[in-house]
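Notes follow the structure.
Read-outs throughout are calculated quantities, based only on the coordinates presented, and are distinct from any laboratory measurement. All values derive from a computational prediction rather than experimental measurement. Note that each Cβ is placed from the backbone with ideal geometry, even for glycine, and that neighbours are counted across all protein chains shown.
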Amino acid sequence: MPPSRRSKGIRGWSLVIFVLAANVAYQGTRYLWRPTTGATPVSGHQREKLEIRHRDDRRGGALLHHGHGASHGHGFHDAGVHRNDDDVEVIEEVVYEDVVVEDEGHHGSSRGGASSGGGEGGGDPEPSGIHVMATSNGSPYQNWQTRIMYRTFLDAAKGSDMKHFTRLLHRRTDDELMAEVPTVRVDSLHAECDRWCEFPVADRPDAIKKWLATADSRRGEWILMIEMDYVWKKAVPMPEPGSPAVAFHFNYINPNYPRLPEVMRSLMPPEKRDEIKMEDIPCTGPAPTMIRRDDLVPLMDEYERIAAAIEADPVAKNRLGWVREMYAYDLAAAIAGVIHVVQDPGETIMIAQPPADAKMGRASMYHYTWGAEYFKNGAKVWSWDKRPYVETKHVRQPAKFKPELPPADGSEGVYNLQDGKKVSKGTDELLRDMLTLIRGAIDRLDELPHQPGCARKAL
């Protein structure tokens, strides 16, 4: 907070009251939404039959404040960027409107004076490397995943081109990871999503757009957008200069599915409906996608518009289902003419998804979108799924709830998955490696204190 202002030599109560009132108004408009630091650490898709269920996560299961109800394009009230690690560039800033002010309340090195556009401070530093950005609504379900993902990111990032990390938190209050994970928070569009809402990912386009208006988004040459249910195996390589965006091929994203072309055309601007073919729309989503900021910005208006239009249209909402926000991104890319090189599973540098995948290939991360169940003689003997980790206790005391590894003989061909397929050696090895990384990350996580306001209580 700025130093208090005291009137000196003022005669008359009316002038005193005037000065005090002016000061209160100033503080209220400039600091009303000032972020507060979260708890400091104490120390130091399952698919049934392997069908797609991972977008269940988008049910109620980005610190940059917009004023509530502010229209896009208006100035930001404030933003705080919290950094607390030794392996990645450390930046600790609090942004008030367009001016970045050093925040001395955190530990580690810090720098201030960068401008998010039009403010004092000497402009933005030269972008460098890859900036990993992951979105979250701060639910216990997401935060359990976040702590694991970020810990494995720190391991993979050492000595690599992955120089920056931001958790983009679309939420109206701080959460329990503010002091542990580098975070930019933006006010969500839907206040109810701070507790529970049906589709929190609907806030992602708005959150990304707000983040792109901050200096934080300008730190990397490339932005790698990911989600929290990833585990880092190794650093993702930097694309060659001049490369287009790199994305992952989700085979369940297909604009040519029955009844979808009609919906997709209805979401296009009228002048584009005869120009854009379904084959022009990339079969991917916003994550994982590696893209230059200058390519991401041009598609954001359409991404935001289309996502909102889908939510307002019961027919589009029903037909596009739980992956509708992914379709919004894909269609926006086609409308804006932003090319995405969509890499297939097994060949991608992005993710492997056991048990659907049986080999890592060139992938840099695991995505535990599906659960896995091992059956022997019709009886289930082992299972793993992210969906039980939905309570605050899982976030704060993760060591007490570590997932178990597959059976020791899991690679010997004696088990079947939930879809009836034999558990291959490759599938078992991938699951075992991913869960070993998860368990290893958990072993190095501190317990978080049970303090009032540290996090939401489990519902």
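When you filter the GluC sites (Glu not before Pro) in the stretch 132-228 for DSSP loop state and at most 16 other Cβ atoms inside 10 Å of their Cβ, you are left with Glu198. The H on the amide N of Thr289, modeled in the peptide plane, is under 5 Å from the matching H of Met225, each at least 5 residues off or on a different chain.
The share of Cα pairs per 10 Å bin across the stretch 243-319, counted from zero up to the longest distance, runs 16, 48, 34, 2 percent. Exceedance of the 24 Å cut-off in Cα-Cα distance is limited, within the set Lys209/Lys317; Lys210/Lys233; Lys234/Lys402, to Lys210/Lys233. Modelled spin-label separation between Arg293 and Asp385, with each label point placed 7 Å from Cα along the Cα-to-Cβ direction: 4.1 nm.
The equivalent ellipsoid that matches the C-alpha gyration tensor of the stretch 166-289 spans semi-axes of 29, 21, 15 angstrom, in descending order.
In straight-distance terms, cross-link reach from Lys400 covers every one of the lysines whose alpha-carbon lies under 19 Å from its own, apart from those fewer than eight places away in the same chain; here that gives Lys386, Lys457.
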